[in-house]
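Visitor: Before anything else, here's the structure in question.
The values are calculated or read from the model by the stated rules, or taken from the named source; none is laboratory data. If you're wondering where the values come from, they're calculated on a predicted model, not measured in any experiment. No Cβ is skipped: glycine too gets one built from the backbone with ideal geometry, and neighbour counts run over all protein chains shown.
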Amino acid sequence: MRPFTLRRRLPKYKAYEALRDQLIEYLAEQKPQVGDPFPSVSQLQVVTKLSYVTVHKALVELNREGWVERKVGRGTFVGPRLEMPVIPQRAAQKGTRSMVRLGMLNYAGPTGLAWYTRLILEGIEKAAQEQALSVEPLTSPYDDRPQSQVRRRLTQNPPDVLACIAPDDRPPYALGDALNADIPCIVVGPRCPEFGIPNIYGDTISIAAESIRYLADRGHKRIGLLLETMPCQLIFDRREGYLRGLDECGIGVGDDLIHWMSWRDSDEMKARSFVEYLRRSQPTAVLVGYCECIERTASLMEQENISIPKDLSMVFFGPWPETRYWVKADPTCAAIPWVDIGGRAAEIARDIIDGQGVPDITELPCSLVEGETVRDIRE
């Protein structure tokens with residue numbers, strides 16, 4: 001990462017804001033890794049010729065918004081905000097409405113943020129300026145290491161609203177901490193009715209049923225469902241929609257054609273179990289409610305001379321961005337409106353602060369997007 005230099009002369013009034021903006025531009029252009037060293041106050045003083053107070057104030061804002069993390073006795077480092085879509089927010093602060101600080105608890109797996117999390121964040125960022133939001137990421141709600149850090153940030157510098165993008169319906173510990181501190185909270189992504197707080201999600205039950213009707217209209221009667229054995233609401237909802245669609249189409253298959261993959265198994269084991277299921281149960285079509293192992297599954301199907309859609313039609317939930325490369329065709333999708341979900345979450349955060357009535361449930365419609373992975377087998 002090249003050294004920071006000023007690109008524009010800093011104004012005398014609110015120089016810390018202009019410095020903050022240039023530092024964000026610097027991060028966006030250099031694209032360092034989260035955790036990389038970041039210039040200290042004294043180093044920035046040398047470059048900018050500003051006072052300690054002014055530079056420190058700029059870094060305090062960057063730290064609050066997650067662009068950097070300041071660790072006592074260790075220094076300043078690049079923060080998690082860099083993994084989110086970079087859209088300037090300073091223009092929103094020039095409006096007449098006061099800024100709302102939206103804290104984000106983002107689920108992150110071993111390889112970083114989940115793919116749908118990035119789409120939800122994109123929707124939140126797109127709405128941030130219109131809704132006058134300042135988006136401030138915290139950390140993953142399921143990582144044991146930063147629990148004390150998150151709790152400290154919630155108590156010492158609480159956001160106006162806390163949004164949790166959870167991977168499933170387990171209540172993250174920080175949500176309880178925030179509620180105990182009287183911080184308004186919302187849950188974004190999965191359907192979590194038991195949380196008892198405003199919840200924004202996509203109607204996956206209806207789109208699962210619509211996917212079954214779509215396949216049945218094209219002559220498919222042996223329609224399977226691929227799911228993972230995780231006790232969470234999104235799995236239950238997809239099964240419920242699948243069974244509803246079968247019932248509406250008069251197909252009395254029930255649970256017989258549901259293939260369950262163990263979440264403990266490797267991708268190789270999951271792929272082999274799915275191919276064995278295809279040989280044993282012989283479905284003509286499958287609704288893929290779980291996609292994480294589809295890369296290895298598609299490769300193994302190709303080795304076994306099972307062609308999509310010639311031998312097997314498939315409709316994919318999501319879909320994962322890489323699906324078209326794995327199946328070598330544009331996938332037919334039960335598409336969840338992740339970006340719209342994020343945008344609606346931003347609106348609800350604003351409504352909470354403005355004292356507007358907020359519904360407990362905001363359910364957005366999903367859509368069926370036709371691709372090349374479904375074959376019409378009607379005679």
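Visitor: Condition first: free of Cβ contacts under 8 Å to residues at least 40 places away in the same chain and not in a loop (DSSP other than H, G, I, E, B). Can you find one or more residues in segment 27-39 that meet it? Before the answer, list the steps.
Guide: Of the residues in segment 27-39, the ones free of Cβ contacts under 8 Å to residues at least 40 places away in the same chain are 29-30, 39.
Going one step further and asking which of them are not in a loop (DSSP other than H, G, I, E, B), we end up with 29-30.
Yes, there is a match, as at least one residue in segment 27-39 is free of Cβ contacts under 8 Å to residues at least 40 places away in the same chain and not in a loop (DSSP other than H, G, I, E, B).
Visitor: Same structure again: For D267, indicate whether it is at pLDDT below 95 and either within 24 Å of the chain's Cα centre (by Cα) or assigned by TED's automatic domain parsing to the domain that holds L278 (or both). Give the steps one after another, and end with the answer.
Guide: Values: at pLDDT below 95: yes; either within 24 Å of the chain's Cα centre (by Cα) or assigned by TED's automatic domain parsing to the domain that holds L278 (or both): yes.
The answer is yes for D267.
Visitor: Check segment 163-172 and report whether any residue there is buried (at least 22 other Cβ atoms within 10 Å of the Cβ) and farther than 30 Å from I353 by Cα.
Guide: no
Visitor: Considering only residues of segment 299-333 that are part of a helix (DSSP H, G or I) and within 28 Å of the chain's Cα centre (by Cα), which is farthest from S206 (Cα to Cα)?
Guide: S299
Visitor: Further, regarding this structure: Determine which member of the set L23, L102 is surrounded by 14 or more Cβ atoms within 10 Å (Cβ to Cβ), modelled with pLDDT of 90 or more, of a type outside the set (D, E) and within 30 Å of G189 (Cβ to Cβ).
Guide: L102
Visitor: For R280, which of the numbered conditions (1) farther than 16 Å from G224 by Cβ; (2) of a type in the set (K, R); (3) exposed (fewer than 14 other Cβ atoms within 10 Å of the Cβ) fails to hold?
Guide: (1)
Visitor: Only one residue in G219, G252, G224 is farther than 25 Å from I341 by Cα, surrounded by fewer than 20 Cβ atoms within 10 Å (Cβ to Cβ) and in contact (Cβ under 8 Å) with a residue 60 or more places away in the chain, so which one is that?
Guide: Values: G252 fails: in contact (Cβ under 8 Å) with a residue 60 or more places away in the chain; G224 fails: surrounded by fewer than 20 Cβ atoms within 10 Å (Cβ to Cβ).
Every option except G219 fails the conditions.
Visitor: Only one of (1) at positive phi; (2) surrounded by 18 or more Cβ atoms within 10 Å (Cβ to Cβ) is not met by L312, so which one is it?
Guide: Going through the list (1) at positive phi; (2) surrounded by 18 or more Cβ atoms within 10 Å (Cβ to Cβ), L312 breaks only (1).
Visitor: Out of curiosity, is V327 assigned by TED's automatic domain parsing to the domain that holds F274 and either touching a Leu at 6+ places or on another chain (Cβ under 6 Å) or modelled with pLDDT of 95 or more (or both)?
Guide: On the way: assigned by TED's automatic domain parsing to the domain that holds F274: yes; either touching a Leu at 6+ places or on another chain (Cβ under 6 Å) or modelled with pLDDT of 95 or more (or both): no.
Against the criterion (assigned by TED's automatic domain parsing to the domain that holds F274 and either touching a Leu at 6+ places or on another chain (Cβ under 6 Å) or modelled with pLDDT of 95 or more (or both)), V327 does not qualify.
Visitor: Still on this structure: Can you tell me which residues in segment 109-160 are under 21 Å from W320 (Cβ atoms), part of a helix (DSSP H, G or I) and at pLDDT below 80?
Guide: Across segment 109-160, the qualifying residue is only W115.
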